[in-house]
Structures are given as C-alpha cells and as structure tokens.
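Before any comments, here is the structure.
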Amino acid sequence: MEEILKGQDDRIKDQINKLKEQDDRLKEQDQVIRELMKKIEQLENISAGR
C-alpha cells in the first residue's frame, strides 16, 4: 500500500512540475504578445498620422 502511495505521489509531483513549466511558457508567450501589441499600436499610430 505504501509503495502505491509513493508511486502516486511521484506522479503528482511530476504533473505539478509539468504544469509549472507550462505556466512559465505561457507567461513568456504573454510577454511576447504584449510587446507585439505595443509595436502594432505604434505602427498604427504612425500610419494614422500620415
């Protein structure tokens, strides 16, 4: 029984680590999107001024 619980605990820890990695990637992607949105806004402002 203890062996089964240890295995489940290891799987849960592995899943938590994978979720943390996904969260980090999503945060990086969000930052890139924000930067791109700012650049788009700047370009729209430049073209609107012409």
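The values are calculated or read from the model by the stated rules, or taken from the named source; none is laboratory data. A quick note: this is a predicted structure, and the numbers were derived from the prediction, not measured. Here the Cβ is made from the backbone with ideal geometry for all residues, glycine too, and neighbour counts use every protein chain on show.
Some observations on this one:
- Evaluation of Arg50 against the conditions (1) at pLDDT 95 or above; (2) exposed (fewer than 10 other Cβ atoms within 10 Å of the Cβ) shows that the sole unmet condition is (1).
- Within region 18-47, the residues that satisfy the criterion of being surrounded by 10 or more Cβ atoms within 10 Å (Cβ to Cβ) and of a type in the set (S, T, N, Q) are Gln22, Gln29, Gln31, Gln42.
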